[in-house]
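Accompanying notes for the structure given below.
The values are calculated or read from the model by the stated rules, or taken from the named source; none is laboratory data. What you see is a predicted model; the values in this text were computed from it and never measured. So basically every Cβ, Gly included, is an ideal-geometry build from the backbone, and we count neighbours across all protein chains shown. Ligands, DNA and RNA are stripped out before the accessible areas are found, and what is left, the full protein with its side chains, is counted by its heavy atoms. Shrake-Rupley method; radii C 1.70, N 1.55, O 1.52, S 1.80 Å.
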Amino acid sequence: MNSLLGSIGMSRSDIDGRDDFPADQFNQLYQHMMWLVQDESFGLLSGGTMPNGTFRMMCFSMITCSTLGEAVRRCSQFYEICKGPTVKPVVEMEGDSAIFRYIALNSMPADTVKRLVSNETPAVIRTSMSIWHHFMSWMVGYRLPLRHACFTFAEQPNLSDYQNLFQCPLAFNRAENCLIFPAEQLEMPMMQNAESLRSFLRTAPYQLMVMVNGDRSVSAQVKGLIGRDFSRPPPPIQNVAAALNMSSRTLRRHLDKEGTTYQALKDQSRFTAAQDYLSCPNVSVQEVASLLGFTEPSAFVRAFRKWSGMTPAVYRDRYQEHEAPR
């Protein structure tokens, strides 16, 4: 354990007694663990080991899809032919809802998922569902709104973590683990392409693990829909308002009452994403600029100085100095 933590500049004393773990350091640790065990499904539901590079190839197989529904179906098909897993993710229609769940591969017994889940911890199940939610959100460029999140296990002591993570009604002791969202979302266009995928893979699985906060204000919901991926333009206010079941005018009125605007929230979200990326030492400032949608690094430097009063390089130096093991 000490040597593993040392590989990311940490020691056991840095995590003992802590309830949280910095997302960037967790990402580094997770990447290192996947490399050590040569299994990209480490800590996730799969029923077997998946060789390193599997996730990358799955992404390449679905990046040309035109809609979210088509992309998830392509991922499910990929699981059928890749080496290792015994279960696969699917999205199935039930009335006006889309249900994300795991089912057995075509070659496996029908009770494969039930047997797999019975041997897994709630944390593994929760993380698996959350990562797929974030992955689908990345595909469409905003936080995919959920109607319900259902789990086979009992309500957990850290219920607030589940509420913060899924931001929807929760149900426990159910027959299956699933995420329920409006079926119309399956027709949303794929907002990513080969170029944005390369940027995404550069920091994966970081973007899929970052926790959202528990603020339930309209501003917080808007920032959740804006997301953290700025390799594509943020959604227009009309799309965000529709996702919140209100008109653009009503949304602007709510934001005005909270002392902000849609443009200000976009700037804040981009600044937060910049801070997240700059905390990853293996991502250059030039790459951060590209990840945030800036065509020129100099434009990113000017924007970051406006947001924080310092350059990205100075911010990174101060962050690393603050996070350095003592």
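Table for the structure above
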{"read-out": "Residue that is modelled with the lowest pLDDT, among those in the range 167-184 that are under 16 Å from Ser137 (Cβ atoms) and surrounded by 19 or more Cβ atoms within 10 Å (Cβ to Cβ)", "value": "Gln167"}
{"read-out": "Single condition Pro85 does not satisfy, out of (1) modelled with pLDDT of 80 or more; (2) crowded, with 17+ Cβ neighbours inside 10 Å; (3) out of contact with any Ser or Thr (no Cβ under 8 Å at 6 or more places or on another chain); (4) in a loop (DSSP other than H, G, I, E, B)", "value": "(3)"}
{"read-out": "Residue among Val285, Val240, Val301 that alone is in contact with a helix residue (DSSP H, G or I) (Cβ under 7 Å, 6 or more places away or on another chain) and modelled with pLDDT under 90", "value": "Val240"}
{"read-out": "Qualifying positions in the range 244-254 - at pLDDT below 90 and within 16 Å of Leu265 (Cα to Cα)", "value": "Leu244"}
{"read-out": "Sole exception among (1) more than 22 Å from the chain's Cα centre (by Cα); (2) open to solvent by less than 50 Å² (accessible area, probe 1.4 Å) for Ser269, by number", "value": "(1)"}
{"read-out": "Qualifying positions in the range 50-84 - among the polar types (S, T, N, Q) and in contact with a strand residue (DSSP E or B) (Cβ under 8 Å, 6 or more places away or on another chain)", "value": "Ser66, Thr67, Ser76"}
{"read-out": "Pair list, Cβ under 7 Å, 6 or more apart: the range 146-164 residue free of Cβ contacts under 8 Å to residues at least 40 places away in the same chain and within 14 Å of His133 (Cα to Cα), other residue of a type in the set (D, E, K, R) and outside any helix (DSSP H, G or I)", "value": "Cys150/Arg174; Cys150/Glu176"}
{"read-out": "Any hit, the range 59-69, residues being touching a Leu at 6+ places or on another chain (Cβ under 6 Å), in a helix (DSSP H, G or I) and among the aliphatic types (A, V, I, L, M)", "value": "yes"}
{"read-out": "Extreme residue, most open to solvent (accessible area, probe 1.4 Å), among residues of the range 88-125 that are in contact (Cβ under 8 Å) with a residue 24 or more places away in the chain, touching a Leu at 6+ places or on another chain (Cβ under 7 Å) and of a type outside the set (A, V, I, L, M)", "value": "Glu120"}
{"read-out": "Scan of the range 132-161 for residues that are outside any loop (DSSP other than H, G, I, E, B), of a type outside the set (S, T, N, Q) and crowded, with 17+ Cβ neighbours inside 10 Å, ordered by number", "value": "Trp132, His133, His134, Phe135, Met136, Trp138, Met139, Val140, Ala149, Cys150"}
{"read-out": "Exclusive hit being modelled with pLDDT under 85, out of contact with any Pro (no Cβ under 7 Å at 6 or more places or on another chain) and either among the polar types (S, T, N, Q) or under 20 Å from Ala264 (Cβ atoms) (or both), set Asp317, Asp276", "value": "Asp276"}
{"read-out": "Residue match in the range 247-261 (condition: surrounded by 15 or more Cβ atoms within 10 Å (Cβ to Cβ), among the hydrophobic types (A, V, I, L, M, F, W, C), in contact with a helix residue (DSSP H, G or I) (Cβ under 7 Å, 6 or more places away or on another chain) and within 19 Å of Arg232 (Cβ to Cβ))", "value": "no"}
